[in-house]
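Below is one structure, written out as structure tokens; comments come after it.
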Amino acid sequence: MPGISSLRFNLRLLLVALIFVLLLLPPLLNALPAGHPLRVSDFVVAVTGKWICYAILALSIDLAWGYAGILSLGHGAFFALGGYAMGMHLMRNIGDRGVYGHPILPDFMVFLGYKELPWYWLGFEYFPFAMLMALLVPGALAGLVGWLAFRSRITGVYLSIITQAMTYALMLAFFRNDMGFGGNNGFTDFKDLLGVPLNTPSARTGLYLAAFGALLITLLISAHVVQSKFGRLLIAIRDAESRVRFLGYDVTAFKLFVFVLSAMMAGLAGALYVPLVGIINPGEFSPGNSIEAVVWVAFGGRGTLIGAILGAFSVNALKTWLTSFAPDLWLLVLGALFIVVTLFLPRGLIGLIKRRGA
Amino acid sequence: MKKGASLYLDGITVTFDGFRALNNLSLIVEPGELRAVIGPNGAGKTTMMDVITGKTKPDSGTARFGDHDLTRLDETRIANLGIGRKFQKPTMFDALTVFENLELALKAPRGTLAALHWRLSGEARERIDEVLTEIGLTERAKDRAGILSHGQRQWLEIGMLLMQDPELLLVDEPVAGMTDQETEHTAALLRRIAGKRSVVVVEHDLEFVRALGRKVTVLHEGSVLSEGPIEQVQEDPRVIDVYLGR
């Protein structure tokens, strides 16, 4: 018995190592001189960087869903809020280089007739403050929604619906011009981050490596959490919540802890994503995004961490490939994928690999 | 004998949609006592356990454990007062191993940070091994709880209660679906446990109650119908009327 589990553990470690080594390739091969046969394009680096951010989002969903059984259909909201926090910093960095050349106000505010910066924009000119908000705002929202829901013992599909409504409500709110977040256009035309112009190769590589590092760190944090007694309690809560309560544990506190941690990871992913793609708008809050992210986790194999990462990369690779020639088919394929996984691969790709390995 | 608090229920009434599940129920369990509670289906046995463990709040009446008013506390707080509960349907964590199930139940700080930084000490391991021996599952320690047999699941759940080191143990139908041999083993197990702590066993099975050989409370339609040694209770004409057939 211990032999088998350590074999599985090694298999998993090997998979993790393989993924991270492969992820180092795009920026390395991109640095080769132009015309070299192995050189990959800037596009490949940009797309892979985006997928890394998605992988962090998937990891955060797996922590809440795969382990604690909290099926959030609104994690895209935490991702988008993190993205908006970073977007606000990037907007402030534009300074007087905007179309209207206003030294302080972003273009859309000048256009909408703002006379001064709204109070909630204060502080975002500082990078550390913006990063802190990218974590704290999603964390605080998750804390509030989670506290209200878990305290009232709202679980299962009801919780999923509430989280879905949360992201939908935020999407509608962010579409409004008078929210002060650029309405349906959101933020774009970013110039630089930490003094480095965003359209340079070194900025691209830097952002890529930042996402890479963040994925590694969030994976290590998650692994630490799930391998502790805390992680076993999450599984216990997922499978028999009231039993955990009768053992004397405060279930609400445990769920809240993991939900807030998960939301902060999603916020971090969003903050890294926005400078990579160069735009953030309310579409990021759309309910479909959150559901798609859940499909990544289900496809890869929930409750395994590495499965979530694998799922995010494979489903997005499929999406990028498919939408290049048949974009209309994507939603059908996504739906079919979810059905296939639910019916035939309840443990996802990881389950498939394990079955082969055993 | 372990010092402990006594359980005191007085005038408890619980109504669900007009149905009186408990009707002016009164019951006292002394520290260290082993008490069997019997009664036909719908007599209010499980509802009584729900009231004691904080799952159900009574409409009226007093429920105290030592100095604590149980009607004001939630399940978590009551569990931490030292009241453990075994459900009618064995409930445990199927995805975790037998050892891990016991580890989670082990009496230790219950906070989130304590769980993050938990290290299994030698003392804790010894305590778990002790209970594994007591419930006869030492060989299965590394197996997932989900693959245990019905009887083994019942014992594991009792083992989890022992890990909590409660002062009062509530055990709901521990021998339902067990073979005769398993039933005997369970009775012996519960007799060993009582004395160190109070145990309330709810059961249908009269043979099992006889094997326990202690004071019996008969519930009927939400109140106490009769109370005393099993021989005396069995002679009670009211009990014979509602329980043994009319």
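The values are calculated or read from the model by the stated rules, or taken from the named source; none is laboratory data. Only a predicted model underlies this, so the values are computations on that prediction, with no experimental measurement involved. Note: ideal-geometry Cβ built from the backbone for every residue, glycine included; neighbour counts use all protein chains shown.
Going through A:Gly231, A:Gly213, A:Gly248 one at a time, which residue ends up being more than 15 Å from A:Ala134 (Cβ to Cβ) and modelled with pLDDT under 95?
Exactly one residue qualifies, and that residue is A:Gly248.
Going residue by residue through the stretch A:175-189, is there one that turns out to be over 18 Å from A:Tyr273 (Cα atoms), in contact (Cβ under 8 Å) with a residue 12 or more places away in the chain, of a type in the set (S, T, N, Q) and away from chain B (no Cβ under 14 Å)?
Yes: one or more hits.
Go through B:Ala194, B:Ala176 for me and flag whichever is surrounded by fewer than 17 Cβ atoms within 10 Å (Cβ to Cβ), touching a residue at least 24 places away in the same chain (Cβ under 8 Å) and either aliphatic (A, V, I, L, M) or touching a helix residue (DSSP H, G or I) at 6+ places or on another chain (Cβ under 7 Å) (or both).
Being surrounded by fewer than 17 Cβ atoms within 10 Å (Cβ to Cβ), touching a residue at least 24 places away in the same chain (Cβ under 8 Å) and either aliphatic (A, V, I, L, M) or touching a helix residue (DSSP H, G or I) at 6+ places or on another chain (Cβ under 7 Å) (or both) holds for just one of B:Ala194, B:Ala176, which is B:Ala176.
Against the definition (closer than 13 Å to A:Phe187 by Cα and either free of Cβ contacts under 8 Å to residues at least 60 places away in the same chain or not acidic (Asp, Glu) (or both)), how does A:Leu90 come out, yes or no?
The answer is yes for A:Leu90.
Take the residues of the stretch B:60-76 that are farther than 30 Å from B:His150 by Cβ and not in a strand (DSSP E or B): which is nearest to the other protein chains (Cβ to nearest Cβ)?
Checked the stretch B:60-76; the qualifying residue nearest to the other protein chains (Cβ to nearest Cβ) is B:Asp74.
Residues of the stretch B:18-33 being assigned to a strand (DSSP E or B), out of contact with any helix residue (DSSP H, G or I) (no Cβ under 7 Å at 6 or more places or on another chain) and either hydroxyl-bearing (Ser, Thr, Tyr) or closer than 20 Å to B:Arg214 by Cβ (or both), which ones?
The answer is B:Ser26, B:Leu27, B:Ile28, B:Val29.
Out of all the residues in the stretch A:244-269, which are outside any helix (DSSP H, G or I) and surrounded by fewer than 22 Cβ atoms within 10 Å (Cβ to Cβ)?
Correct list: A:Asp250 only.
Need a quick list: strands (runs of 3 or more DSSP E) entirely within the stretch B:155-231 having at least 1 residues that are under 21 Å from B:Lys89 (Cα atoms).
So the answer is B:168-172, B:198-202, B:215-220.
With the requirement that a residue be surrounded by 15 or more Cβ atoms within 10 Å (Cβ to Cβ) and either among the hydroxyl-bearing types (Ser, Thr, Tyr) or more than 16 Å from B:Thr97 (Cβ to Cβ) (or both), what does the stretch B:139-155 give you?
B:Gly151, B:Gln154
Would you pick out the residues in the stretch B:111-128 that are part of a loop (DSSP other than H, G, I, E, B) and surrounded by 18 or more Cβ atoms within 10 Å (Cβ to Cβ)?
The one that is part of a loop (DSSP other than H, G, I, E, B) and surrounded by 18 or more Cβ atoms within 10 Å (Cβ to Cβ): B:Trp118.
Tell me which residues, restricted to the stretch A:203-243, are polar (S, T, N, Q) and either within 8 Å of chain B (Cβ to nearest Cβ) or part of a loop (DSSP other than H, G, I, E, B) (or both).
Listed by number, the residues that qualify are A:Ser228, A:Ser242.
Can you say whether A:Phe181 is surrounded by 24 or more Cβ atoms within 10 Å (Cβ to Cβ) and among the aromatic types (Phe, Trp, Tyr), as far as the supplied structure shows?
yes
Under the condition of being more than 12 Å from every other protein chain (Cβ to nearest Cβ) and in a loop (DSSP other than H, G, I, E, B), which residue from the stretch B:129-146 is nearest to B:Leu190 (Cα to Cα)?
Of everything passing the filter in the stretch B:129-146, B:Ile135 is nearest to B:Leu190 (Cα to Cα).
Applying the selection to the stretch B:20-55, what residues are farther than 26 Å from B:Asp236 by Cβ and either buried (at least 19 other Cβ atoms within 10 Å of the Cβ) or free of Cβ contacts under 8 Å to residues at least 40 places away in the same chain (or both)?
Of everything in the stretch B:20-55, those that are farther than 26 Å from B:Asp236 by Cβ and either buried (at least 19 other Cβ atoms within 10 Å of the Cβ) or free of Cβ contacts under 8 Å to residues at least 40 places away in the same chain (or both) turn out to be B:Asp50, B:Thr53, B:Gly54, B:Lys55.
Could you say whether any residue in the stretch A:197-204 is under 22 Å from the mean Cα position of the chain (by Cα), surrounded by fewer than 20 Cβ atoms within 10 Å (Cβ to Cβ) and not aliphatic (A, V, I, L, M)?
no
Would you mind telling me which numbered condition in (1) surrounded by fewer than 22 Cβ atoms within 10 Å (Cβ to Cβ); (2) on the phi < 0 side of the Ramachandran plot B:Met163 fails?
Every listed condition holds for B:Met163 apart from (1).
Kindly check whether there is at least one residue in the stretch A:128-139 that is within 16 Å of A:Gly267 (Cα to Cα), over 19 Å from the mean Cα position of the chain (by Cα) and surrounded by 14 or more Cβ atoms within 10 Å (Cβ to Cβ).
yes
If A:Tyr273 satisfies every condition in (1) away from chain B (no Cβ under 12 Å); (2) among the aromatic types (Phe, Trp, Tyr); (3) outside any helix (DSSP H, G or I) but one, which is the exception?
That leaves (3) as the condition not met.
Restricting the stretch B:77-93 to residues that are more than 7 Å from chain A (Cβ to nearest Cβ) and assigned to a strand (DSSP E or B), which is surrounded by the fewest Cβ atoms within 10 Å (Cβ to Cβ)?
Restricting to residues being more than 7 Å from chain A (Cβ to nearest Cβ) and assigned to a strand (DSSP E or B), the top hit is B:Lys86.
Yes or no, residue by residue, for (1) aliphatic (A, V, I, L, M); (2) out of contact with any helix residue (DSSP H, G or I) (no Cβ under 6 Å at 6 or more places or on another chain); (3) closer than 27 Å to B:Arg35 by Cα:
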residue: B:Gly111; (1), (2), (3): no, yes, no
residue: B:Ile147; (1), (2), (3): yes, yes, no
residue: B:Gln154; (1), (2), (3): no, yes, yes
residue: B:Leu162; (1), (2), (3): yes, no, yes
residue: B:Glu167; (1), (2), (3): no, yes, yes
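Quick grid of which residues meet (1) at pLDDT below 95; (2) more than 16 Å from the chain's Cα centre (by Cα); (3) not charged (D, E, K, R):
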position	(1), (2), (3)
A:Leu219	no, no, yes
A:Ala236	no, yes, yes
A:Ala240	yes, yes, yes
A:Thr252	no, yes, yes
A:Lys255	no, yes, no
A:Leu272	no, no, yes
A:Ala293	no, no, yes
A:Gly301	yes, yes, yes
A:Ser324	yes, yes, yes
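What do you reckon, is B:Ala115 facing chain A (nearest Cβ under 9 Å), touching a Pro at 6+ places or on another chain (Cβ under 9 Å) and at pLDDT below 95?
Here the answer is yes, as B:Ala115 does meet what is asked.
Name the pairs: first residue in the stretch A:29-58 and basic (Lys, Arg), second residue outside any loop (DSSP other than H, G, I, E, B), Cβ to Cβ under 7 Å, at least 6 apart or on different chains?
Filtered contacts from the stretch A:29-58: A:Arg39/A:Leu29; A:Arg39/A:Asn30; A:Lys50/A:Tyr273; A:Lys50/A:Leu276; A:Lys50/A:Val277.
Within the bounds of the stretch A:87-99, is there any residue that is over 20 Å from the mean Cα position of the chain (by Cα) and not in a helix (DSSP H, G or I)?
yes
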